[in-house]
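Undergrad: Below you will find the structure I want to go over with you.
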Amino acid sequence: MAKANFEVPEITGVTEVPPVQPDTMAHLETFRAKPDFMEALGFPGEMPEDWKEKAIEAMGDMLKKYRSLQVFLDACVKCGACTDKCHYFLGTADPKNMPVARQDLLRKVYRRYFTLAGKFFPKLVGAVDLTEEVLQDWYNYYHQCSQCRRCSVFCPYGIDTAEISMAAREIMDRIGVGDKYCNEIIGKVFRIGNNLGLPEPALADTLEGLEEDVYDDTGVKVRYPLDEKGAEILLVTPSADFFAEPHVDGLMGYGKVFHEAGVSWTLSSYASEAANFGMFIGSYENMRKISLRIRKAAIDLGVKRIIFGECGHAWRVAYAFLNTLAGPFDFLDPKYPVPQHILEFTWEQIQAGKLKLDPSANDDMVVTFHDSCNVARATRMGDKPGGQFEIPRNVIKAVCNNYVDMPDGTIKEATFCCGGGGGLLTDDLMELRVKGAKPRMDALKAATEEHGVTHMAAICAICKSQFTKVIPYYGFDMDQIVSVHQLVSNAIILTGQDEGGDEEEESAEDAA
Amino acid sequence: MSFLTVLVAALFYLATVIFVTGVVYRIWLYARVPAPLRIATTPAPVTKGGVVLRMFREVAFFESLFKSNKLLWILAALFHYGLALVLLRHLRYFIEPVPLVVELVQPFGKYAAFAMVFGLLGLWARRFLIDRVRYVTAPSDHLMLALLVLIGLSGALTTFVAHTDVVALKDFALGLLTFDLKPLPGDPLLVIHLVLVAVLMIVFPYSKLLHGVGIFFSPTRNMVDNPREQRHVANWARKLEEENS
């Protein structure tokens, strides 16, 4: 069990809705970005004297550019349907973590300066002036929202707190108030090419190491190419896939699938990051700038297809925004959607019988699947709505004999965010991350007790990092988190693979 | 012409102007603001027809609310369906001769007033009894419920208890439509009912009642999920592209 200097919530298998406890998370503030990092993103380095006026101006500007902001601030009727849906409220009981109350932090100021009722009868409609206290609340609580959209499923009008959170962060950035974690990371993408600041030689070295590992394991030379011109497929994957556990096992799996499919593929050191933190800070310009790196890499390398690896919010940006931000992609093969998810590719291969699979390689596991929030509520896989639920499960069931789902109401469109998304995967927010994970932990406990679940598979780099860090607080083991393509990698039998006992033992070790 | 008749008529003309211009303005505003990114809450329909169906299910059955909270859904449904039937029944005052369907709705519309008021009282009670709802409730939320309850009660009392001269009332209503004022029956209950309705019309465009309009413009519900198939770029985003290339 991990040690904490805050109280770790107890998990029972069922998440109860807590009574409201004001200000339990008012103390939690994530580190602020230094001036250099702000300026690198096109934001002011310091808060200007007239920050209030500038903030209102920024709000006015956003209201003209984003229908979501305008409609959502007007349409809320305070019915409370959303109040028990956010994992951060369920885990902390702080009422400002209820979606409607979180939106109200912005809405109250919107009403004051932009509506008739707020201008003349503020107390009646709950309108407030923008003050330093209000700004502090904005900073604290808009960095306690992972933009997971769970609230938008349950709101009668589909009000999406993520949109409010993104707009609020953009407004704050425009007056020089930004968070260190997101903004520094975006800076690294511009300077080096990925969130982790891994330069090309480090990437090349990692990939060489993977090639050796796979050869040692299987006797087959599977290639993990970097910056290879003329390859058919450009794989864009989260940089965590290059070195974190269990992410890197997923990367190994992608390579094996491409190898068996007989396609040529490559990674790019220029576009070595699938993740796009520009979305988290609600900055269209920064999000676009990051996306354009992928377009450039695709053109420079002369590829015909773009495929994304296992990353949650990256898949949202890729699936829903890439065409808008960096398209049109008329220079790619029109036979394939742009972009595709690696799971769409792998599932196609499985259906076409192109992969030789031995699910018994994963027999020591009872696996469940965590639907990552962005994938579940902001994307699709395949042709039909809901493919983002079916395809990962289909792939897992093809490589695993023992699969169970967590309880209804905690999966698919109602899935609980891991607690670390939306730019909150930083140590200074550990208390929030641990408490926010509570509903997912309750569900995992229920599945463990009812069905003997031993492992939880995920297809998001943030989820994998968050869970490996946080589940020990709840009495689970970090090795219980696996990548879906890690399961595929375990079960896949490569053409020409070594037969024999040693080989099977090694697979079992990898799986444990 | 009695002073009361002129006053109430003037109030309704004013209320109508404010209501219509206010709502039309909001519709124009919501239609004009771009939605630069495809942000439908998935799973989402992949065709326009699918979106129409999704929107229909939301507006007619409150689909998302049903997923969210069954008790709230029952109260909201009672109020809204009750209100719909009541409004349909009221058409009899504005159309001559009265169409058959409006004639048939009369008994349903009259008793629906009870469902409507019951629903409203339940919704109001939540704002006191549930701590999460209490936290986000402002004075205007209470006032709005009070207004609606008073309209419902005064109307129900007029229908079931203190009957008014409905023939004269219809003449008054038709007179409003044709700008040929006829005397308004002076029952206090009726006057209260009418004045409160006018107040509702006046505050409507400046209140959360705009949710009725807003839902049709909610990008998480009204967007087709086809970003890969069709490129979607807002005008201001296109300008950004042109400036930066």
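The values are calculated or read from the model by the stated rules, or taken from the named source; none is laboratory data. Small disclaimer: the values here were computed from a predicted structure and weren't measured. Reconstructed Cβ throughout: ideal geometry from the backbone, glycine too, with neighbour counts over all protein chains shown.
Undergrad: List the helices (runs of 4 or more DSSP H) that sit entirely inside the stretch A:121-233 and contain at least 2 residues that are crowded, with 20+ Cβ neighbours inside 10 Å and either in the same structural domain as A:Gly282 (by TED's automatic domain parsing) or touching a helix residue (DSSP H, G or I) at 6+ places or on another chain (Cβ under 6 Å) (or both).
TA: Result: A:132-142, A:150-154, A:161-174, A:180-191, A:200-218.
Undergrad: Here's a follow-up. For the stretch B:134-148, which residues satisfy the criterion of being under 16 Å from B:Ala112 (Cβ atoms) and surrounded by fewer than 17 Cβ atoms within 10 Å (Cβ to Cβ)?
TA: none
Undergrad: Can A:Ser268 be described as buried (at least 24 other Cβ atoms within 10 Å of the Cβ), over 23 Å from A:Val375 (Cα atoms) and modelled with pLDDT of 95 or more?
TA: yes
Undergrad: So, in the stretch A:307-354, exactly how many residues are aliphatic (A, V, I, L, M), more than 11 Å from chain B (Cβ to nearest Cβ) and under 30 Å from B:Asn244 (Cβ atoms)?
TA: Going through the stretch A:307-354 one residue at a time, the tally reaches 3.
Undergrad: Which of (1) among the acidic types (Asp, Glu); (2) touching a residue at least 40 places away in the same chain (Cβ under 8 Å); (3) assigned to a helix (DSSP H, G or I) is the odd one out, the single condition B:Glu96 does not satisfy?
TA: (3)
Undergrad: A further question on this structure: So which of A:Ala275, A:Ala297, A:Ala352, A:Ala314 ends up being over 23 Å from B:Ile39 (Cβ atoms) and under 23 Å from the mean Cα position of the chain (by Cα)?
TA: A:Ala297
Undergrad: Anything in the stretch A:315-369 that is of a type in the set (Gly, Ala, Ser) and in a helix (DSSP H, G or I)? List them, or say none.
TA: Listed by number, the residues that qualify are A:Ala318, A:Ala320, A:Ala326, A:Ser360, A:Ala361.
Undergrad: Can you name every residue in the stretch B:65-81 that is without any contact (Cβ under 8 Å) to a residue 40 or more places away in the chain and either in contact with a Cys (Cβ under 6 Å, 6 or more places away or on another chain) or under 19 Å from B:Gly109 (Cβ atoms) (or both)?
TA: Selection gives B:His80, B:Tyr81.
Undergrad: Given the structure, is A:Lys289 modelled with pLDDT of 95 or more and either touching a helix residue (DSSP H, G or I) at 6+ places or on another chain (Cβ under 6 Å) or crowded, with 19+ Cβ neighbours inside 10 Å (or both)?
TA: Answer is yes for this residue.
Undergrad: Does B:Pro107 meet the test of being outside any helix (DSSP H, G or I) and at negative phi?
TA: Here the answer is no, as B:Pro107 does not meet what is asked.
Undergrad: Considering only the stretch A:320-337, I want to know if a residue exists there that is touching a strand residue (DSSP E or B) at 6+ places or on another chain (Cβ under 9 Å), in the same structural domain as A:Ala491 (by TED's automatic domain parsing), crowded, with 24+ Cβ neighbours inside 10 Å and touching a residue at least 60 places away in the same chain (Cβ under 8 Å).
TA: Scanning the stretch A:320-337, I find no residue that is touching a strand residue (DSSP E or B) at 6+ places or on another chain (Cβ under 9 Å), in the same structural domain as A:Ala491 (by TED's automatic domain parsing), crowded, with 24+ Cβ neighbours inside 10 Å and touching a residue at least 60 places away in the same chain (Cβ under 8 Å), so the answer is no.
Undergrad: With respect to the numbered conditions (1) in contact with a Ser or Thr (Cβ under 9 Å, 6 or more places away or on another chain); (2) without any contact (Cβ under 8 Å) to a residue 12 or more places away in the chain, which one is the sole condition not fulfilled by B:Arg32?
TA: (1)
Each row is one residue, and each column tells you yes or no for (1) within 22 Å of A:Gly45 (Cβ to Cβ); (2) in contact with a Pro (Cβ under 6 Å, 6 or more places away or on another chain); (3) among the hydrophobic types (A, V, I, L, M, F, W, C).
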residue	(1), (2), (3)
A:Gly187	yes, no, no
A:Pro199	no, no, no
A:Asp205	no, no, no
A:Leu210	no, no, yes
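Undergrad: Of the numbered conditions (1) under 21 Å from A:Ile471 (Cα atoms); (2) within 14 Å of chain B (Cβ to nearest Cβ), A:Glu431 satisfies every one except a single condition; which is it?
TA: (2) is the only condition that A:Glu431 fails.
Undergrad: Let me ask another. Can you find, within the stretch A:377-407, the residue that is nearest to the other protein chains (Cβ to nearest Cβ) among those that are touching a residue at least 60 places away in the same chain (Cβ under 8 Å) and among the β-branched types (Val, Ile, Thr)?
TA: So, considering only residues that are touching a residue at least 60 places away in the same chain (Cβ under 8 Å) and among the β-branched types (Val, Ile, Thr), the one nearest to the other protein chains (Cβ to nearest Cβ) is A:Thr379.
Undergrad: Further, regarding this structure: Condition test on A:Ser239, is it over 30 Å from A:Ala58 (Cα atoms), among the polar types (S, T, N, Q) and surrounded by fewer than 20 Cβ atoms within 10 Å (Cβ to Cβ)?
TA: Here the answer is no, as A:Ser239 does not meet what is asked.
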